[in-house]
Each structure stands twice: as C-alpha cells, then as structure tokens.
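K.L.:
One structure coming up, written as structure tokens, with questions to follow.
Just so you know, all these numbers are worked out from the coordinates, no wet-lab data involved. Just so we're clear, the structure is a prediction, and the values are computed from it rather than from any experiment. Glycine gets a Cβ as well: all are built from the backbone with ideal geometry, and neighbour counts include every protein chain shown.
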Amino acid sequence: MKFTRLIIYFSILIYFAGASKAVSQNEPQKSFIHETRADYEARMAWWNEARFGLFIHWGLYAIPAGEWGGKTNYGEWIRTSAQIPIEVYDQFVKQFNPVDFNPVEWVRTAKDAGMKYIVITSKHHDGFCLFDSKYTDFDIMSTPFQRDIMKELADACRKEGIKICWYHSIMDWHHPDYLPRRDWEKDRTTEGADYDRYVEYMKNQLKELLTNYGEIGVLWFDGEWEGTWNQKRGLDLYNYVRGLQPDIIINNRVGAGRSGMEGFTKEGEFAGDYATPEQEIPATGIPGVYWETCMTMNDHWGYNKQDKNWKSTEDLIRKLVDIASKGGNFLLNVGPNAKGQIPEASKDRLCEIGQWMKINGESIYGTSASPFKDLKWGRCTQKSINENTRLFLHIFDYPSDGKLKIEGIYNQAIQSYLLSDAERKNLNVDRVEDALIISLPAIIPDKMNTVVVLDVKGKPDINDPPAIESEYQIFIDELTVNISSHRENVEIRYTTDGSVPSITSPPVRGPVKINNTTTIMARCFRGGKAVSGSAQAVFTKVFPIPSVSVENITNGVNYAYYEGDWDSLPKFNSLVPVRSGKINNFEFSPRKEVEHFGFVYSCYLKVPVNGVYRFYTESDDGSQLFVGDKLVVDNDGLHGMSEKSGAIALSAGFHPLRVTFFEKTGGDDLKVSYEGGGIKKTKIPDDVLFIKLDQ
C-alpha cells in the first residue's frame, strides 16, 4: 500500500502545496515551440510514414458497458452524461478486474491489421489511471487486478516494433482541485480547490508516464476545451513534456487552439504538432500540415455492449485510403470490455483490414497526398521514386468497360501494373489528349479497392487551374486579388471581363487591383498552349449598410433564455422564454439547465470605421448571427465545437446584432468573434456591445 493512499485529503493538499513550491524553484524550462522546419519534419518522420494506428479507450466505464438508469446509449462519458455521483462511480474501482487482458494479443492484433502505433488512454476524463501512479489511489493498483497495464502494453509493443503512445486527459472529473465542476454536481464544493495545484498533479503524472515506460511516440492530449485551460498553459505543458522527451510528438489538443471537431489549429501561436479531426475526414488536406483523423468502429469510444452499429470493413478500408490520399493518418478505435477483451466485431474488421494491407500496404505507408483534386472512380496516393513519381490509383468504382481514365495529367507514363500482381505484369497505357487511359483486367481483382500502380516521369504535372484569392469576396472601394499556381514551368494569363483567357490575355505579374465588380478568370499556359482549365472568381463592389441612430444606451446584451429539445435552431419568436434580462456578452450564465436549452441575444454593435467585417461563431451545438435582418453566419445543426464565418460591409456606427444558439446534449459552448476595419480577429469585447436603457 502506498503512503499517499493512507493520508486524508487535508494531507494531500499540504503535499501538493509543497510539490508546487518545489516545482516553482526550478529553472525556466526550454522552449521547443520555434524549432526549425527541418527538425520538425525529422521528428514527425516515423509518424508520417506510419499512416495507420490503433486507438484504445479503456477504463472503469467498461464495467457499466454503456448502461445506466435504464438507458443504454452511454460510453466513456457515462460518469457525467448519466450524472453518476463520484462516490458511486468510485465503487467501480473495486470491480475492475480484467483477467482476460493479454497485451501480447492486443499488440499482435494491431500489428496484423497493418497498424504501426497504439494510443491508449492512460487517463480519461473520469480521472482513473491505467498506470501505477504514486500521486493517486484512483489507479489500476487499487483494483483487484493490481497490474500496471501501461507497462505490460509498452513492453509488448517494443517486442513487436510498434510505437506505444499515451492518451492523457487534461480534464479530470475526479481530482478535487480540477475546475470547473460538472454543472449537475450541486453538492460537490469547490471550496479549497486550486487549479494550479491540479496542473502540478497532472505534470507529476506525466513525468511518471514519460520516465517510467521508456520512449513514448505520442502524447495525445484531450479535454482541453474548458475555460480553465488556455493558450499559455498549453504552451507551458508542451514545453514541459518535450523537456522530458525531446523527440516526442504532441497533438494540438495540448493547447486551446483546436477549432472544433474539424480538429485543425486556429491562427495564432498555439502548441501542438498535428491536427486532430474527430469522427470526420476533411474535404481536402492542407499542404505542410500534419493531421490525423480519429474514429470509432461503431458509435462509441468506450465499450457499449448494446452498440451493434459497426462500420463495414470496406467502409473502413476506403476511409483509410481517403485519409491517406489527403495526407493524413487514421487512428481507428477499439473499446475493450471490462474483462480486457477487444470485441470480436472489432477484431474481425482489423483482421480483414490486415489482409488487405498485407497486399496493398505500399500504397499507404509513407505516401503523400493525391496530386488530383477529384477522381470520380476513387482516390490516389503517391511516392517519389528518384526523380519520378509512383501513383497508387485506388479504384472504388471499377470501370465497366475496363478502361481507367486519369484526366488532366501531362506526365509521360513509364509503366503500370496491379499492386496485387506479384509478377507485375504490365498494363497497357494510352494517351488521349490530356488523359492517360489504363486497360484493366476484365475480372475485378478486389471489389473493395483495387490498387493500380502508375509510374510517371518527373513530378506530377496536373492541369490544376490557378488559385484566385482575396481576403473578401466583397469590397467597398478597392480590392487586391492574388493569382498563383503551384505548378512548374507555367505562365498564368487572366481576364477581368469574364471571358476565357487565351495566349493573348495579359500575364500575371503580381497582385491585381480592382475597383468595380469584376469577374476574374485565369488559366495556365505552357509553350503557347493552355495546360489547365479556367479558374473563375467574382468580386462584388458593395455599399456599406448604413448605421442606425440610437440614444440612451449602455453597455450590455439583452438575452432571452428558452428550454426545449431541438435538432436545429427553433423559431424562437413562436416560443415563450423561460427568462430574460441583461448580461455583459454572449454567455450561458442565465441558464437553468445544462442540456436542452437555447438563447437569443440582441444588442447594438459599434463599429469604428466603414469597412468589410467578418463575423465568426464557434459553437456546440448550433448558432446563427444576424446583422439587422441579414443572416451573416449560419452555424446551425447538431455538431461539436465548430466555427463558421461570414462577411458584410458596414458603415461606421451602431448596427443591430442578433445571435441565436441552441444546445441539445453533451458539450456546449459559444464564442462570437469578428475582424475588419483594422481589428484583428478577436472575441467581440463588452465595450462595443450596447442596449437601450429603456429595454
């Protein structure tokens, strides 16, 4: 029995106060934020090569298996979503005894599936630790099992050449110093709680995880979205972790920069090495940005015995290919049961994915994003082969005539063959104008995804049209437009009258300035011939919306609070509010419930100068923003934290502003920001929001 498990809570507070003091005496830690691009890429190299990993969500929540109070739709969030009191949830510790846990079998299951790394929950939001920690008795050593799961799994991974990685939650519903409390925990006091002391507790545990288990590949943080965590704390934690293991990779949930479930980092100096889309695949990748989609096989991360809504093997393989074709990694989840068994349905799918990967893994590992914007029949990944390029053509929809058409490619073909063909028998390749056509076998080799290799000379030369970009699509006086292309050895020509550019059209020599509504078209040329289609963009000159005259005003926002169960924003004007009043900003403080509620906020916004302004709402669930009667931002619907924006031209002065919001279940938040008129993107401050005194 550990000494820390014998002392009472008061002693724990004294201990942590001492620990905090000791830490504060350390020298300032090194900053790793501004490493060179070369060093960054070298550190990310193994992860970028891997492409495919296993996520494991496992903990005390496997015991209720998704069922509580007659409901069966819970998962790893059951402690709070079912509102289980902490003293009741703690009883699961005495029941957690996963006698069938076999780390060697788990690792081999992942390896046989073609996965290169494993990320497991060292601690989820409930605060329970799957490792032996001297800083808490809420860990695996207090259970009947009394074996360090993290050590056994780490040892098994190293024997099989698999990278072991830790998931670790910043949020902790169990620790007495973590804030905020859950809204429903009315009888759990915050008296004496010290968030800084909690951060030191977390750092102490991270030091255990990074010094007692050898080299760790990734620290996968989560639970960073609550107001007590911020950008500064994220930067500090990032540097602290890399100070312990300089080569470790850390996801972008270490800080406060993640933009909703899309997972990409917002603008600004935020910590984190890669983006983390959750349960979704981005429409396109972002060049130079590392990212990883994490996804469940069914509808839950943690074990839910009733959840049979499994994705098919075909769907999972195609998701893996889609992600790789956009330059991302795929972190696919399993949720073991309380005995330590990975569900058979998960194992079956991993086995079938592994069979496909044994044949086609070359088309996934170490590949780069597709050079094509759109392929009607499937996806493409690529690798550089000396000075040439190997394209892996993933066929989802096999052509009925046996002719695979790759449109818009100007490279010369070297060879083509089926990746599944050990003899690499050559497939015939013909050129028709700007397309290469590959003759395929009459019998479909793989109905889920046939992979054809096409080697071409040089770097991919695809007929992508130029990019036409500006800060806004609307303007008041004058607008600067940039026209560019990533392609080599091309000349861009453009028009401003909506006609298709020809070889006699003016060439792009720098930014284009316009002062009237203009349709710009641009096209790439080489050797006097067009080698792309035409890009088109319309930029509209507008008059700013006049300001309104208001008197007897004071700072503030009027709110109307509603309750109801909605899947999208309701027609609030047909509903009766539960309460109404005045607050300082767009906040939830007047609410009575933690779920199934909505707000209508109304006020006047004062803008400093005539200009085009962009407004943002980042919300979970849906929101909309109106200036006057004009809908500017539409972020409606059921979703996690997600940001949308819209632009509008405004005259200097006051403008009616209305924001609507609703929350169904789960997480909730609303952030309203703007930029323009010399203002960089920022949360709309209290001092520019006004209401009439007589309202």
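K.L.:
Could you sort 131-144, 79-92, 476-489 so that the peptide with the highest average Cβ count within 10 Å comes first and the rest follow in order? Mind showing how you got there, number by number?
P.N.:
On the way: 131-144: 19.4, 79-92: 17.0, 476-489: 14.6.
Output ranking for 131-144, 79-92, 476-489: 131-144, 79-92, 476-489.
K.L.:
Kirkwood Rh, the range 264-341, all Cα pairs: how many Å?
P.N.:
On the way: mean 1/r = 0.0713 Å⁻¹.
It works out to 14.0 Å.
K.L.:
For the range 408-459, what are Rg and Dmax over the alpha carbons, in angstrom?
P.N.:
Spelled out, the Cα radius of gyration and Dmax of the range 408-459 are 11.7, 32 Å.
K.L.:
Over the range 192-312, with a single point scatterer placed on each C-alpha, what log10 of the ratio I(q)/I(0) does the Debye formula yield at q = 0.11 1/Å?
P.N.:
Treating every Cα as an identical point scatterer, log10 I(q)/I(0) equals -0.45.
K.L.:
A further question follows. Determine the sum of side-chain charges near residue 195: Lys and Arg each +1, Asp and Glu each -1, restricted to other residues whose C-beta is under 14 angstrom from that of residue 195.
P.N.:
-4
K.L.:
Now for a separate question. Suppose we keep just the alpha-carbon trace of the range 351-454; what are its Rg and Dmax in angstrom?
P.N.:
Taking only Cα atoms of the range 351-454, I get Rg and Dmax of 13.1, 43 Å.
K.L.:
Using Cβ contacts closer than 10 Å as the measure, can you line up 639, 655 from fewest to most?
P.N.:
Placing the least packed residue first, the sequence is 639, 655.
K.L.:
Return an integer: the convex hull volume of the alpha-carbon atoms of the range 588-645, in Å³ per residue.
P.N.:
With only Cα atoms used, the range 588-645 gives 109 Å³ per residue.
K.L.:
Taking N as the number of residues in the range 542-639, what value does Rg over Cα atoms divided by 2.2 N^0.38 Å take?
P.N.:
1.18
K.L.:
With a sphere of radius 9 Å drawn around the Cβ of residue 372, what net charge do the other residues whose Cβ falls strictly inside it have (Lys, Arg +1; Asp, Glu -1)?
P.N.:
Residues near residue 372 contribute -1 overall.
K.L.:
Could I ask something else about it? Nothing charged except the Cβ atoms of Lys and Arg (+1) and of Asp and Glu (-1): what's the magnitude of the dipole of the chain about its Cα centre? Round to the nearest 20 debye. Please report the intermediate quantities before stating the final value.
P.N.:
Values: 80 positive and 94 negative charges, 205 e Å.
In total the dipole reaches around 980 debye.
K.L.:
Now, a different point. Which one, 88, 166, 363, is farthest towards the positive end of the dipole of the chain when Lys and Arg carry +1 and Asp and Glu -1 on their Cβ?
P.N.:
363
K.L.:
Please compute, for the alpha-carbon atoms of the chain, the extent along each of the three principal axes and give them in descending order in Å.
P.N.:
Sorted largest first, the three principal extents are 83, 79, 53 Å.
K.L.:
Right, something else. If we count every other residue with Cβ under 10 angstrom of residue 646's Cβ, Lys/Arg +1 and Asp/Glu -1, where does the sum land? Walk me through the numbers on the way to the answer.
P.N.:
Values: positive: 614, 630, 644; negative: 634.
Result for the neighbourhood of residue 646: +2.
K.L.:
Can you find, among 204, 388, 333, the residue farthest towards the positive end of the dipole of the chain? Put +1 on the C-beta of Lys and Arg, -1 on that of Asp and Glu.
P.N.:
So the residue we want is 388.
K.L.:
Right, next: May I ask which residue of 518, 495, 540 lies farthest towards the positive end of the charge dipole of the range 467-541, with charges of +1 (Lys, Arg) and -1 (Asp, Glu) on Cβ and the Cα centre as origin?
P.N.:
Checked the options; the winner is 495.
K.L.:
Sticking with this one: Please list, by residue number, every one of the trypsin sites (Lys or Arg not before Pro) in the range 164-200 that is coil in DSSP and has at most 16 other beta-carbon atoms within 10 Å.
P.N.:
Those that pass, being in a loop and sparsely packed, are 181, 182, 186, 188.
K.L.:
Mind listing which trypsin sites (Lys or Arg not before Pro) in the range 517-595 are in a DSSP loop and have 15 or fewer other Cβ atoms within 10 Å? Walk me through the intermediate numbers first.
P.N.:
On the way: sites: 523, 526, 529, 541, 571, 579, 582, 591, 592; in loops: 571, 591, 592.
Sparse-neighbourhood loop trypsin sites (Lys or Arg not before Pro): 571, 592.
K.L.:
Can I ask one more? Quick one: divide the alpha-carbon radius of gyration of the range 467-541 by 2.2 N^0.38 Å and tell me what you get. Kindly include the intermediate steps, with their values, before the conclusion.
P.N.:
Details: Rg = 12.1 Å, N = 75, 2.2 N^0.38 = 11.3 Å.
Taking the Cα Rg and dividing by 2.2 N^0.38 Å, one obtains 1.07.
K.L.:
Restricting attention to the alpha-carbon atoms of the range 575-695, what are Rg (one decimal) and Dmax (integer), both in Å?
P.N.:
For the range 575-695, the Cα radius of gyration and maximum Cα-Cα distance read 14.2, 41 Å.
K.L.:
If you take the Cα Rg of the range 61-103 and divide it by 2.2 N^0.38 Å, with N the number of residues, what do you get?
P.N.:
Cα Rg divided by the expected 2.2 N^0.38 Å: 1.22.
K.L.:
Let me check against my output: what whole-number percent is the relative contact order of the chain, with C-alpha pairs under 8 Å and at least 6 apart?
P.N.:
9 percent
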